[in-house]
Amino acid sequence: MAYDIPQELKYKEIFAYGMTLKQFIYGAIFGMAAVLILSQDKIPWEIGAVAGIVLMGIAVLLGFFDFDKKIIEFISYLRTPKNITFLTKEASQFLGVKYLKDSAIVLKDGTLVGVLKVEAINFSILSKEQKDAVIHNFMNFLNSLGFRIQIIMRTVTLDMTPYLRNMESKTSANAEGGLAESYSLKEFLQNYVQTNKVTDRVFYIAVPLRNAGPSVKTIRGSGKESLAFRELEERMEVVREWLSKSMLNSKRLDNTGLLAFLASFFDDGVKLDAGCTSPYTDYKGD
């Protein structure tokens, strides 16, 4: 990941007259333009002076305040699509995903990515010994990693569907009054969650394998592809084992779950019977 270096810490080689090469070029171009305007007899002196000041001001803005970069960024912003949905071509280009296979995302550069959905635990209700064990094992997990991972946290609307479904199954065999009460409670909970915008946090761990190949074309359907998928599977198992030692249950997203996971980052209203929760994608997994 690249980080911006503060302006005062950047090394700038002086080219001439205390200016960098970039500042000197801008100063020379706009300075010559100002002199050329002032040398024209047909142009009134007052207008030429104003034009010269404007040109030198532009040179200062471009050379000393990086306005050239800001202009390029602004043009890039204007050319960038502002309303991208999951089913558009721009979304595919933005994500860089080529295809999904064997519970893995294959990127256009050949990188394979597996995703684990991790069940959160209520740390506050654990005993001191359990808390120490969780912290110790998770610290060892991070220290033992020989490859990169990405921990993703999503804040989503609380999904009461599994709880309500379980409640209905338990009350269906009871008397009619009990069933009516369960429907009343279901309606109350759904309205409460919607009205108060109750949220939940969902955690994922993305495990990449970047040495799968220089491009998808070179690995797809080859023996190297099979080896890459096996290596990714081994990495996923290592992560799952360490999470289990930290009292964290995890489940690997299959192709459908990965599709829903990717779709959840876009405001499409996509609903899939898959393995992730988001504001836009419903999770109805086990």
Requested in this report: Only residues that are surrounded by 13 or more Cβ atoms within 10 Å (Cβ to Cβ) and of a type in the set (S, T, Y): list them for segment 87-130, please.
Outcome: T88, S92, S103, T111
Requested in this report: Just name the residue that is farthest from K117 (Cα to Cα) out of those in segment 146-156 that are aliphatic (A, V, I, L, M) and at pLDDT 90 or above.
Outcome: I149
Report summary line: Note: among D273, D268, just one is modelled with pLDDT under 80 and touching a Phe, Trp or Tyr at 6+ places or on another chain (Cβ under 7 Å), namely D268
**Report entry** Failed condition for A133, given (1) loosely packed, with under 15 Cβ neighbours inside 10 Å; (2) at pLDDT 90 or above; (3) of a type outside the set (S, T, N, Q)
**Finding:** (1)
Query raised in the report: So M167 fits all but one of (1) more than 30 Å from F265 (Cβ to Cβ); (2) surrounded by fewer than 15 Cβ atoms within 10 Å (Cβ to Cβ); what number is the exception?
Result: (2)
Report task. Considering only residues that are outside any loop (DSSP other than H, G, I, E, B) and surrounded by 13 or more Cβ atoms within 10 Å (Cβ to Cβ), look in segment 141-158 and name the one that is nearest to the chain's Cα centre (by Cα). Result -> I152
Report task. Report yes if some residue within segment 50-68 is under 31 Å from the mean Cα position of the chain (by Cα), more than 26 Å from T20 (Cβ to Cβ) and hydrophobic (A, V, I, L, M, F, W, C); otherwise report no. Result -> no
Report task. Mind checking which helices (runs of 4 or more DSSP H) fall wholly inside segment 4-120 and carry at least 3 residues that are over 30 Å from A260 (Cα atoms) and at pLDDT below 80? Result -> 21-38, 45-64
**Report entry** Condition met for L189 (farther than 19 Å from E119 by Cα, surrounded by 14 or more Cβ atoms within 10 Å (Cβ to Cβ) and at pLDDT 80 or above)
**Finding:** yes
Report summary line: Sole miss for R201 among (1) outside any helix (DSSP H, G or I); (2) modelled with pLDDT under 85; (3) surrounded by fewer than 12 Cβ atoms within 10 Å (Cβ to Cβ) is condition (2)
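The values are calculated or read from the model by the stated rules, or taken from the named source; none is laboratory data. The shown structure was predicted, so the numbers you read here are calculated from the model rather than taken from an experiment. As a convention, Cβ positions derive from the backbone with ideal geometry for all residues, glycine included, and neighbour counts pool all protein chains shown.
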